[in-house]
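Please read the structure below before turning to the comments.
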Amino acid sequence: MYSGKLIFTQVLEYVPQHSFRRCVQRYQGNRYVKRFTCQDQFRAMAFAQLSYRESLRDIEAYLAAQQNKLYHMGIQGRVARSTLADANEQRDWRIYSPLT
């Protein structure tokens, strides 16, 4: 059995984490957040983009099917559709713009 890193995790290593954390602090992205951080949101949405998911329901179903791999992907907990929708609606888009 292969015990290395997942390909998704290897791809995300190219994202500059220091710059991302600095943008989160600048726009107060994790303010009043208890569980689903900006980092979790970014990883969930990046995974959805790379795996051609088309809707929040599709993202939720696919991530629920991969529940045992979420930790290895860097996502800290279960991703619910309502949580993802709230995060997409309430968080400032400028947090993620320098990553493009």
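The values are calculated or read from the model by the stated rules, or taken from the named source; none is laboratory data. Here the structure is a predicted model, which is why all the values come from computation and not from measurement. Counting neighbours? That spans all protein chains shown, and the Cβs are built from the backbone with ideal geometry, glycine included.
Some points to look at:
- Arg78 fulfils the conditions (1) closer than 20 Å to Phe20 by Cα; (2) surrounded by 11 or more Cβ atoms within 10 Å (Cβ to Cβ) except for a single criterion, (1).
- Considering (1) surrounded by fewer than 16 Cβ atoms within 10 Å (Cβ to Cβ); (2) farther than 18 Å from Arg91 by Cα, the lone condition that Leu70 does not fulfil carries the number (1).
- Residue under evaluation Ile95, criteria (1) among the β-branched types (Val, Ile, Thr); (2) in contact with a Gly (Cβ under 7 Å, 6 or more places away or on another chain); (3) modelled with pLDDT under 85, criterion not met: (3)
- Scanning region 47-95 for residues that are closer than 23 Å to Gln25 by Cα, in contact with a helix residue (DSSP H, G or I) (Cβ under 7 Å, 6 or more places away or on another chain) and among the β-branched types (Val, Ile, Thr) yields a total of 3.
- Which listed residue is modelled with pLDDT of 90 or more, small (Gly, Ala, Ser) and more than 13 Å from the chain's Cα centre (by Cα), from Ala65, Ala85, Ala61, Ala48: Ala61
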